[in-house]
Number of protein chains: 2
Amino acid sequence: MPVGDINFPEMIPIAGVKLSAVSAGIKKTSASGESRLDLVLIELPATAKVAGVYTQNAYCAAPITLCREHAAYSSNSRYLIINSGNANACTGEQGIQVALATCKAVAIQAGVDCKLVLPFSTGVIGEPLPIDKIEKSIPELFEKLEESHWPLAAEGIMTTDTCPKGVSKSLVIDGSSDKLIINGIAKGSGMINPNMATMLAYVVTNACVDMQLLQEILIEAVNLSFNRITIDGDTSTNDSCLLVAAGKSDIVINDKRSAHYLVFKQAVFEMFKELAQKIVRDGEGATKFVTISVEEGINSPECLQVAYAIAHSPLVKTALFASDANWGRIVAAIGYAGVEGLCVDGIRVYLDDVLIVEKGGRAQSYSEDAGAAVMLKDEILLRVCLGRGEVHETIWTTDLTHEYITINAEYRT
Amino acid sequence: MPVGDINFPEMIPIAGVKLSAVSAGIKKTSASGESRLDLVLIELPATAKVAGVYTQNAYCAAPITLCREHAAYSSNSRYLIINSGNANACTGEQGIQVALATCKAVAIQAGVDCKLVLPFSTGVIGEPLPIDKIEKSIPELFEKLEESHWPLAAEGIMTTDTCPKGVSKSLVIDGSSDKLIINGIAKGSGMINPNMATMLAYVVTNACVDMQLLQEILIEAVNLSFNRITIDGDTSTNDSCLLVAAGKSDIVINDKRSAHYLVFKQAVFEMFKELAQKIVRDGEGATKFVTISVEEGINSPECLQVAYAIAHSPLVKTALFASDANWGRIVAAIGYAGVEGLCVDGIRVYLDDVLIVEKGGRAQSYSEDAGAAVMLKDEILLRVCLGRGEVHETIWTTDLTHEYITINAEYRT
């Protein structure tokens, strides 16, 4: 059960962007014997521009290698083909051949250059991806393409996610007859860590955006969203995040000084943050949604160092699970984060508005009851004020639960 | 249940070193209502020299602050006073006063300078340490001092440990009528991470060792033992490790060129390693004892980077718990360890002797059955050959289990 509301919203169609999903038989059938959606196709119009960021894992998956190649060849990709259930990672040269064959199958069916197809995979690492099942499903994928099939696509990219994740926004733009539309879908619930996660995210707008601006906005948006979440500290081999400007509208953003630039950027940032938070809310076994805000730091790296030390501490995470205001574990994590010259006397720690720690010890005003009341909530804000500067950083994480262990001890079985 | 054999050995008495432990009522009583040992005193002879290393956590506990002061004043400490059940950490100025009062109570009873007493605490963080209970127990502690009470002391320093941990060695030394004796006791089972752990260790020899050599040997020994283990990646506020040369024997080690120097150093290293491994074997909820050996690296930091990325990965740890040879998670951890210019084609990964991964993918010779057979064992060697140098590093860790969550979700309740 995700923490808080992550209902799938109504998605506004974007002109020229069609989606489909089928069951190719890559995923095992569900417990009740039903086949599950595991192959997704997204068709983009010829006007589309595609910006992407990919995993920094040295063992990057075969589709990522190919994606980078194809994206470097052209930013006008026409098709995204995504399978779930198998990551096609650590599959050596054979894996590259399978990813290439997948692109070719799509390209032949569509009559486009193979390099205009970007492949993505997510799921178990190290298993051969069954290319025959994919090839067999390509015709059906094309038949099912519809501008309204966002929910199907969001479902088709899921792995251990308990629910599909989407965001959709439309904004009136001065001087344009078209509304600005931005849609996004994402998947991921374990192996979630900055840079990035077992995470796939596809965000598409109807605007026409200059390619360089698009890439810049994407990098900044990822940095403030998917690179600010952590569930278990594991970074996957397959992370990918695309920002696509479909371009079939009269909204043109080709200059940082253009009136719409800031509006667009702000909307993209908000949607990325919302998508990233949905991933955390659906974190494997999560029962808490925890915002960690580290304030009054000298610089951003030291704020993040402290934030991630807390977010990655299994002791803090199990205390969160137990709704136990065991703040000693929080200060221990702050203390070992490795911030140079940290003076603990100046640090204040809050649970929501409750001051817990100051002057190197428990705050005089603190009562166990006040801490316990916050810990019982599903959504908790943990604030650390370092008292040595003016920089702040925020990240989002979950607790560590029996359910996490169960999910990950049984994932392959 | 610890993994493998960690039986408490017969401890050979060391002349002039007496120990005692009592129930001061700092720990809660056991489930069956029995009081538990929670206050330990170790008396050292006037000939003793004491070397120490302490936690690097910025929120270091009050006793650590005082230990550092007292150790700097004199290396001839006469008493070590250790309480379990309460860490006296994050207790502000009041905590310092309590630690000081503890030293004073011992000093008055013994008639020595207060600065010749070193205080240690381990347990819950942030609770006031009840000084009255300690003061009341001091006379009984002195009455019970015996050279044979090593097992009592080992039990008295335990927190979530399931069993006391000790090592004892004696060696015939050429030209000495006395045998070289080294005894060690340690505690710790969670919050275990390099630099160091919620770990207390006291290793005592009967040799007479030059103070500078003693400190050098201690630092090197800790680096190869307690700084090479990790259970949950948390570093405590209270870690301390002492190496004491009691000095009441005819074995003198005052020069690196002396005949006994290497023998002594080697014996100390082995005992530290054994104590450290016992801590891992009794890791909270552990069902596996895992040795991670990273070989063929360019330098030590990159080998450790890879080793700890694997050891800290909750996904690897849950796969170990499930006895699932999910090697994809291992290579993903190698890939995100952050080693610059890592070429995955040259990396080989072995489970015991079974080659799993080579040339960026599953080894041709690998079979699931062979991997599964290794994973079913209690003790597993995970070898990563980076194929780019000649340096290797070894660390020890455990799996991540439901029991770990249970222990840490319920610790304070």
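The values are calculated or read from the model by the stated rules, or taken from the named source; none is laboratory data. Here the structure is a predicted model, which is why all the values come from computation and not from measurement. Ideal geometry is used to build each Cβ from the backbone, glycine not excepted, and the neighbour counts take in all protein chains shown. Accessible surface is based on the protein model in full, side chains and every heavy atom, while ligands, DNA and RNA are left aside. Shrake-Rupley method; radii C 1.70, N 1.55, O 1.52, S 1.80 Å.
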Apart from one, (1) closer than 17 Å to residue B:9 by Cβ; (2) among the charged types (D, E, K, R); (3) at pLDDT below 90 all hold for residue B:155; the odd one out is (3)
task = State whether one or more residues within region A:200-216 are within 13 Å of chain B (Cβ to nearest Cβ) and modelled with pLDDT under 95.
result = no
Kindly establish whether residue A:264 is under 22 Å from residue A:159 (Cβ atoms) and open to solvent by less than 40 Å² (accessible area, probe 1.4 Å). no
| field | Residue within region A:296-312 that is in contact with a helix residue (DSSP H, G or I) (Cβ under 9 Å, 6 or more places away or on another chain) and facing chain B (nearest Cβ under 8 Å) present | value | yes
Counting only residues in region A:144-178 that are β-branched (Val, Ile, Thr) and touching a helix residue (DSSP H, G or I) at 6+ places or on another chain (Cβ under 8 Å), the one nearest to residue A:28 (Cα to Cα) is identified as A:160
Scanning region B:1-45 residue by residue, those open to solvent by 40 Å² or more (accessible area, probe 1.4 Å) and assigned to a strand (DSSP E or B) turn out to be B:18
Of the residues in region B:261-307, those that are within 21 Å of the chain's Cα centre (by Cα), outside any helix (DSSP H, G or I) and not aromatic (Phe, Trp, Tyr) come to B:282, B:283, B:284, B:285, B:286, B:287, B:288, B:290, B:291, B:292, B:293
Every listed condition ((1) open to solvent by 10 Å² or more (accessible area, probe 1.4 Å); (2) under 18 Å from residue B:377 (Cα atoms); (3) away from chain A (no Cβ under 11 Å)) holds for residue B:321 save (3)
Of the residues in region A:104-127, those that are open to solvent by less than 10 Å² (accessible area, probe 1.4 Å), under 19 Å from the mean Cα position of the chain (by Cα) and within 14 Å of another protein chain (Cβ to nearest Cβ) come to A:121, A:122
Listed by range, strands (runs of 3 or more DSSP E) wholly within region B:330-413 having at least 1 residues that are more than 12 Å from chain A (Cβ to nearest Cβ), out of contact with any helix residue (DSSP H, G or I) (no Cβ under 7 Å at 6 or more places or on another chain) and buried (at least 16 other Cβ atoms within 10 Å of the Cβ) are B:348-351, B:354-358, B:379-385
| said: Would you confirm whether or not region A:65-84 contains a residue that is within 13 Å of another protein chain (Cβ to nearest Cβ), open to solvent by less than 10 Å² (accessible area, probe 1.4 Å) and at pLDDT below 95? | reply: no
- For region B:241-254, state whether one or more residues are in contact with a helix residue (DSSP H, G or I) (Cβ under 9 Å, 6 or more places away or on another chain), part of a helix (DSSP H, G or I), open to solvent by less than 10 Å² (accessible area, probe 1.4 Å) and modelled with pLDDT of 95 or more. no
The condition of being open to solvent by 20 Å² or more (accessible area, probe 1.4 Å), away from chain A (no Cβ under 14 Å) and of a type in the set (A, V, I, L, M) holds, among B:58, B:101, only for B:101
Restricting region B:25-67 to residues that are of a type in the set (D, E, K, R) and more than 19 Å from the chain's Cα centre (by Cα), the one farthest from residue A:336 (Cα to Cα) turns out to be B:34
